[in-house]
1. Within region 81-185, how many lysine pairs that are 8 or more places apart, or on different chains, have C-alpha atoms less than 20 Å apart?
2. Using the number of other C-beta atoms within 10 angstrom as an exposure proxy, rank E233, E270, E377 with the fewest first.
3. Comparing T180, T149, T18, which has the greatest mean-square fluctuation in the GNM of the chain with Cα pairs linked when under 10 Å apart?
4. Relative to the first principal axis of the alpha-carbon coordinates of the chain, what is the inclination of helix 2-13, with its axis defined by its Cα atoms, in degrees from 0 to 90 and to the nearest 10?
5. Nearest 0.05, what FRET efficiency do H84 and K234 give at R0 = 45 Å with Cβ-Cβ as r?
6. Can you give the angle from 0 to 90° between the axis of helix 249-261 and the longest principal axis of the chain, with both taken from C-alpha atoms, to the nearest 10?
7. Using a Förster distance of 25 Å, how high is the FRET efficiency between L261 and K287, based on the Cβ-Cβ distance and rounded to 0.05?
8. Once you compute Rg and the Kirkwood Rh from C-alpha atoms, what is the Rg to Rh ratio for region 1-140?
Amino acid sequence: MTGDIFLKTVSHFFPKLTKWLASVDDPRNENKIIYGPSHLLWLGIFLFLLRLGSKRKIKYKLATKDFLDNLNKLCAGYAEKVAHHDTVEYLCQRLDPEELYVVRQNMVYRLIRMKALDRFRLLGDYFMIAVDGTGHMVFKERHCPHCLTKEKDGKILYYYHNVLEAKIITGTGLAISVETEFILNSDGATKQDCELNAFYRMAKRLKKRFPQLAICLLLDSLYAAGPVMDIAEKYGWKYITTFKEGSMPERYEEFTRLKSLSTGNRKETEEDEAVRKYGWVNGIDHKGNFFDVIELDETTLDKKTRFVFMTNFKVGKNNIVKIAKGGRLRWKIENEGFNIQKNRGFNLEHPYSQDEISMKNLYLLLQIAYMISQLMEKGSLLKQRIQKVFGSATMLFEQLLEDLRTRPIGNNFSNKPIQIRLSSFP
Ligand SMILES: [Zn+2]
């Protein structure tokens, strides 16, 4: 039953999640509302986890006796009825987003400490964190003082909000949000905020929140830049960055020249009907930061693809295949990360709220819901059955919605600790 799978997944991976949600600094000091923050925030998580599509559905779909009992069980609290969606919005407008950043940070810490992600580490050590920006909201009219603007011929075409995400990526298709930076203009700014500036702000917080974490950033060619390399060296991070001629023309020329000299740096593999030819160059100096370059020409039955990466890993015959494989995972932030959150029922770009604070909080609740969703999908309680029984993940969560609305969960729960392994297949 999906309700029990949900409850087991949450209690296995995040036994303290409700406690973390309950302990956010609830700014409603008037104490007029009977609902605790965990009740309201769980409803916010269910809005996304159950793919409700709009806040209104909280009232239409979740106001059943069984759902209330299930929610009370989850919150270890007692509410007489399921809160109205306006009450969820009321909290989201007042809650400092930092509170939810901390909840998410606790969740990621927990996954790391319990070693759930250990076998996905690059070269056995590094968590691969892809960083990329994407669209969040678009408006015809100015929506808030922080909107970015798209102009053409001096005329404003539309207003928008973007967001920069850092997600732990695995070859099996997990994309776990670890840091978020909203790309927005600060008050009175004449220059538009941009992805790189957002990255500089994000990097500081990522280091502060995860000071000990062995990180390898997966970056696109926008990040092939001196200041990004400075940050990586300063924080002790590795990076694998798409290297294009246009991003650093002089360095690229140097790479081409050195390549013709270092003819010994070659490796070839044949696997899965693909021939891969690797080449590398060591020790290119960019203003005191040294990096290596990897090139990979892949030939399959129907196409040829070429990849070039720059990295501060010391590249050699023994690690080049793994490093290149890591670099190629970067696109997963677009697919497993953004596309799924925009389509498949999460409706990332849907204006769940017009309020600028609430928008951020709902975005963070979406990331928390998506983390739970992926762990349910990829966890060993389900993996073998998802295709057979549900056909697709979307149907699984339709079933979960139905189960939570109509049946009590967790009644047959034993106190025996359970093990949930994450799938090693995509
Ligand atoms: Zn705005």
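1. Working: K115/K167; K140/K150; K140/K152; K140/K155.
Pairs that pass both the separation and distance tests number 4.
2. E270, E233, E377
3. Sorting by GNM fluctuation, first place goes to T149.
4. Around 60 degrees separate the two axes.
5. Details: r = 48 Å, r/R0 = 1.07.
After rounding to 0.05, the efficiency reads 0.40.
6. The two axes meet at around 60 degrees.
7. Values: r = 22 Å, r/R0 = 0.89.
For L261 and K287, the calculated efficiency is 0.65.
8. 1.00
A short reminder: the numbers here are calculations on the coordinates, not readings from a lab. From a predicted model like this one, the values you see are computed outputs, not experimental measurements. A quick note on method: Cβ atoms are made from the backbone with ideal geometry, for glycine too, and the neighbour counts reach across all protein chains shown.
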